[in-house]
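Input: a single structure, listed below in structure tokens.
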Amino acid sequence: MLSIHAVRELFLQTLRELAELVTEDRSFGELEEAVQRLSGRLTLRLLEWVLAGIDERLMQERDPSRYECLDTRERVLDTPLGELQVKRRYYRDRATGQGVFLLDEALGLESRRRLSPRLEALCRRLATEMPYHRAAAVLRELTAGQAPARAMTVWRASQRAGRRLKEAAERLRRSVFVEGQVPEGRRRSAQLHAEADEVYLRGRGQPVVLKLGVAYEGKQAVGSNRQALRERRVVAGVMPGTAFWEQASAYWGTHWDLSAVQACYLGGDGAHWVKQGLQYFPRACYRLDPFHLRRALREALSPSEETYAQVCRAIEAGDWAGVESALRQALRGRRGPARERLLRLRGYLREHWDGIVASGEAPRLGAIEAEVFHVLARRMKRHGARWSERGADHLARLLSERVDPHWRAVLGGRPLQISPGVRQATRQAVQRVMRQLEEDPARWLRARIPALTGPHATKPWVQVLRDLAHVHAPVA
């Protein structure tokens, strides 16, 4: 419980430790690290007392006819400041027969979870930026060794988050495509752009294929020669094409009123599963991604710049006959692999011609390659990494949450469920202690520091305490 005596002893102990730290032979960086640990212990101790007071008040306000108090049990949480030891009462709910910790429910703490919500959030964020073992090392460094993070700790935190995101996406998909609910997107846009692509990762035995989709209203200038996607929404994961488009359209439908979209442009590399998306969006038109088109042209036509220019002019004019004429001319004299590349290019262009020469008024797409790199590949295609399908799926969904803030609500904790009476009682207890400390801090310190006149009165750390005890009134 929070009391003036407990705060006094904790304050004096902190002062003694701080004075010893200052007078020891160490660098300033080492001093900073030690002070960080000391302040963390001080804060956690105060928090333990405040939580004990809240637990006491919850016991007084409970319905005794329903909740029977059985005993008091301790729970340890790993936080960025260190271990938080919480003692709270254990009840039996007579209505359900289940055991209940009222304090845990009020704080929104999940059962059987060692990491605090804040430490788990830090693990998730670092896992999206670097390998798990490196993330654990950075976390230990940032918390001055107070967070006992290991690579497996970070991995588990990221996997739990990815699993929750997957479950949320699946619930949304089922609500639309199984239960028949209509998404209630309220944003209206005349145009909607959607692009999708695959990422191949090294797996454990066979490659792991990730799918990524992004929807946006258009592009806007954000600087010199730079553009950003407007109202970007991202979906990623390991799943078949049908499941991907069902999840994507259900999620995007919660943001946009799809019935109000007058023109939808779907871009991709020509893969069959990408074109399946045409079935899910009204008035959708397929566009072949310009990156893949340019790559196919250069791989087949290099080093003939003349043929490349002829084919590009014919494509720009929407002249299929001109494309075939240029390719037939290029085939003359070609043998072996070079001829095979030209033949594959002709088949590729014929298959995707509708997507190449879609309406000239259609906006330019081509954002998916940058999205693939910045959202997934930058983290997941590092040297030596091997992935399981489940591990890759969960991390890909967590990476989507990093760039799409609308997924963050799934991982965000709920507000504290503390009644107004408990809140008021806690504030009053803290204010009572503060008033007692503010009455005469100098006299309070001098009267309660025996070391000032004891056998250690000449030691340097006691001199620091003596200086602190002479508190002067602030000057207005």
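The values are calculated or read from the model by the stated rules, or taken from the named source; none is laboratory data. This one's a predicted model, so the numbers in the text were calculated from it and none came from an experiment. Note that each Cβ is placed from the backbone with ideal geometry, even for glycine, and that neighbours are counted across all protein chains shown. Heavy atoms of the whole protein, side chains included, go into the accessibility calculation; ligands, DNA and RNA do not. Shrake-Rupley method; radii C 1.70, N 1.55, O 1.52, S 1.80 Å.
Find the residue count for the range 114-130, including only residues that are assigned to a loop (DSSP other than H, G, I, E, B) and farther than 13 Å from residue 379 by Cβ.
2
Does the range 322-345 contain at least one residue that is in contact with a Cys (Cβ under 8 Å, 6 or more places away or on another chain), surrounded by 12 or more Cβ atoms within 10 Å (Cβ to Cβ) and not aromatic (Phe, Trp, Tyr)?
no
Contact list please: Cβ distance under 8 Å, first residue in the range 46-59 and at pLDDT below 95, second residue open to solvent by 40 Å² or more (accessible area, probe 1.4 Å) and assigned to a helix (DSSP H, G or I), pairs at least six apart or on different chains.
As it stands, the answer is 50/430, since those pairs meet every condition given.
If I ask for residues that are over 24 Å from residue 3 (Cα atoms) and either of a type in the set (Phe, Trp, Tyr) or open to solvent by less than 40 Å² (accessible area, probe 1.4 Å) (or both), which ones from the range 407-437 would you list?
Matches in the range 407-437: 407, 411.
State whether the residues of the range 117-129 include one that is polar (S, T, N, Q) and either open to solvent by less than 50 Å² (accessible area, probe 1.4 Å) or modelled with pLDDT of 95 or more (or both).
So far as the range 117-129 goes, yes, one or more of its residues are polar (S, T, N, Q) and either open to solvent by less than 50 Å² (accessible area, probe 1.4 Å) or modelled with pLDDT of 95 or more (or both).
Can you find a residue that is more than 21 Å from residue 261 (Cβ to Cβ), buried (at least 23 other Cβ atoms within 10 Å of the Cβ) and among the charged types (D, E, K, R) anywhere in the range 211-230?
yes
Those residues that are buried (at least 21 other Cβ atoms within 10 Å of the Cβ) and either in a helix (DSSP H, G or I) or touching a Ser or Thr at 6+ places or on another chain (Cβ under 6 Å) (or both), I need them from the range 138-152; list them, please.
139
Whether any residue in the range 279-293 is surrounded by 17 or more Cβ atoms within 10 Å (Cβ to Cβ), among the hydrophobic types (A, V, I, L, M, F, W, C) and farther than 15 Å from residue 193 by Cα is what I want to check.
Looking through the range 279-293, at least one residue is surrounded by 17 or more Cβ atoms within 10 Å (Cβ to Cβ), among the hydrophobic types (A, V, I, L, M, F, W, C) and farther than 15 Å from residue 193 by Cα.
Among the residues of the range 21-32, which ones are exposed (fewer than 15 other Cβ atoms within 10 Å of the Cβ) and assigned to a helix (DSSP H, G or I)?
Passing the criteria: 22, 23, 28, 29, 30, 31, 32.
Determine if the range 155-174 includes at least one residue that is open to solvent by less than 10 Å² (accessible area, probe 1.4 Å) and in contact with a strand residue (DSSP E or B) (Cβ under 7 Å, 6 or more places away or on another chain).
Scanning the range 155-174, I find at least one residue that is open to solvent by less than 10 Å² (accessible area, probe 1.4 Å) and in contact with a strand residue (DSSP E or B) (Cβ under 7 Å, 6 or more places away or on another chain), so the answer is yes.
Open to solvent by 50 Å² or more (accessible area, probe 1.4 Å), within 22 Å of residue 407 (Cβ to Cβ), over 24 Å from the mean Cα position of the chain (by Cα) and among the basic types (Lys, Arg): is that true of residue 186 in this structure?
yes
Going by the conditions given, is residue 41 under 31 Å from the mean Cα position of the chain (by Cα), basic (Lys, Arg), assigned to a helix (DSSP H, G or I) and surrounded by 15 or more Cβ atoms within 10 Å (Cβ to Cβ)?
Yes.
Evaluate the following for residue 135: is it crowded, with 21+ Cβ neighbours inside 10 Å and closer than 26 Å to residue 244 by Cβ?
no
Answer yes or no as to whether residue 246 is in contact (Cβ under 8 Å) with a residue 40 or more places away in the chain, among the charged types (D, E, K, R), surrounded by fewer than 21 Cβ atoms within 10 Å (Cβ to Cβ) and closer than 25 Å to residue 409 by Cα.
In short, no.
Going through the range 303-315 one residue at a time, which ones are loosely packed, with under 12 Cβ neighbours inside 10 Å and assigned to a helix (DSSP H, G or I)?
Scanning the range 303-315 gives 305, 306.
Mind checking which residues of the range 393-406 are open to solvent by 10 Å² or more (accessible area, probe 1.4 Å) and aliphatic (A, V, I, L, M)?
Passing the criteria: only 403.
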